[in-house]
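Below you'll find the structure, written out as structure tokens, and then a few comments.
The values are calculated or read from the model by the stated rules, or taken from the named source; none is laboratory data. As the structure is a prediction and not an experimental result, all values here were calculated from the model. Backbone-built Cβ (ideal geometry, glycine too); neighbour counts: all protein chains shown. These area figures cover heavy atoms from the full protein model, side chains too; ligands, DNA and RNA do not enter into them. Shrake-Rupley method; radii C 1.70, N 1.55, O 1.52, S 1.80 Å.
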Amino acid sequence: MTQESKCAVVFLGPPGAGKGTQAKIIAERYKVPHISTGDLLRDNVARGTELGLQAKSIMARGELVPDSLVCDMVASRLRQPDAEMGFILDGFPRTAAQAGWLDAFLEHEFIDNSHRAKGLPVVIQVNVDYNQLLRRLTGRRTCPACGRIYNIHLQPPRVDETCDIDGSKLLIRNDDREEVIRERLAAYELQTKPVADYYWSKGRLLSVNGDLPVPEVTTQIVRAINQRAKCAVEANNVSGGGD
Ligand code: AP5
């Protein structure tokens, strides 16, 4: 797959695994939108929309927002023209129901010859040690202006609490408090792990070691995307299809 080619990716992994960090890099590299359900929900909360009002207290407790609300939000985002050539989904699907919904949605709306890559996202699971997750989440800081993600322990900004790019004061996410982090990790174990099983059973799950430094994790992901794209092209040629 060249950098300009179509690219559809789903990132799975626990809170703090580095999904957002990697999704931004991959989206930039392949020129497709980074669609983070967490960011979309936080934006709705900040704007006080109907969805935001429903999601606010659920997110503050570290629980998952109901499937129907999140699926509607994702559907309208995926239908926007900038997702035409692909997308990076970060934080979705997060339940087995969402995973089933996504497959059905992509099949109905997008799978035809011109959207084959979009219909079959590469599913990448980012694995990280539990203690490392806690360190990453408690140290995370985010720029409210450009969205760049820092970590005071692992990837600090040049000047304390200040974005290197635009000088904004960095923020701590509302759900990065220890008691909420525990709840989020529990929700992951209970509700999101079955999503990995779902893709594994379909032979679509690829795993990367997320404990490594950011550039090394990126290298593994790019390799996985390119490898899967090559397999898809080969399978397509064998079956007589083709874009
Ligand atoms: P969401 O925003 O999706 O949060 P999350 O899944 O808990 O994931 P995080 O954003 O915390 O972690 P990340 O893996 O992106 O890590 P990051 O790159 O930031 O969801 C928030 C809430 O919204 C949910 O709790 C739920 O309520 C709701 N929600 C969202 N989607 C939903 C859905 N589909 N259904 C229902 N509800 C939904 O990195 C973390 C830190 O580690 C950073 O400081 C970073 O600098 C550092 N770091 C990253 N990679 C490395 C590395 N390789 N080495 C060292 N440090 C690293």
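Quick one: in segment 67-92, which of the residues that are in a loop (DSSP other than H, G, I, E, B) and either open to solvent by less than 10 Å² (accessible area, probe 1.4 Å) or within 9 Å of the ligand (Cβ to nearest atom) (or both) is farthest from Arg182 (Cα to Cα)? Restricting to residues being in a loop (DSSP other than H, G, I, E, B) and either open to solvent by less than 10 Å² (accessible area, probe 1.4 Å) or within 9 Å of the ligand (Cβ to nearest atom) (or both), the top hit is Phe92. Residues that are open to solvent by 80 Å² or more (accessible area, probe 1.4 Å) and either within 13 Å of the ligand (Cβ to nearest atom) or under 20 Å from Gly62 (Cβ atoms) (or both) within segment 152-182 comprise His153, Leu171, Ile172, Asn174, Arg177, Glu178, Glu179, Arg182, listed in sequence order. Can we say Ile149 is more than 9 Å from the ligand (Cβ to nearest atom), touching a Ser or Thr at 6+ places or on another chain (Cβ under 9 Å) and of a type outside the set (Ser, Thr, Tyr)? No, not satisfied. Of all residues in segment 15-24, those being out of contact with any Gly (no Cβ under 7 Å at 6 or more places or on another chain) and crowded, with 19+ Cβ neighbours inside 10 Å number 6.
When Leu51, Leu64 are checked against the criterion of being free of Cβ contacts under 8 Å to residues at least 24 places away in the same chain, open to solvent by 20 Å² or more (accessible area, probe 1.4 Å) and not polar (S, T, N, Q), a single residue qualifies: Leu51. Total residues in segment 93-102 satisfying the condition of being touching a helix residue (DSSP H, G or I) at 6+ places or on another chain (Cβ under 7 Å) and either modelled with pLDDT under 95 or not in a loop (DSSP other than H, G, I, E, B) (or both): the figure is 5.
Are any of the residues in segment 103-111 surrounded by 19 or more Cβ atoms within 10 Å (Cβ to Cβ) and either modelled with pLDDT of 95 or more or in a loop (DSSP other than H, G, I, E, B) (or both)? Yes. If the condition is being modelled with pLDDT of 95 or more and within 21 Å of Leu40 (Cα to Cα), then segment 149-168 contributes Tyr150, Ser168.
Within segment 14-37, being among the charged types (D, E, K, R) and near the ligand (Cβ under 10 Å from one of its atoms) holds for Lys19, Lys24.
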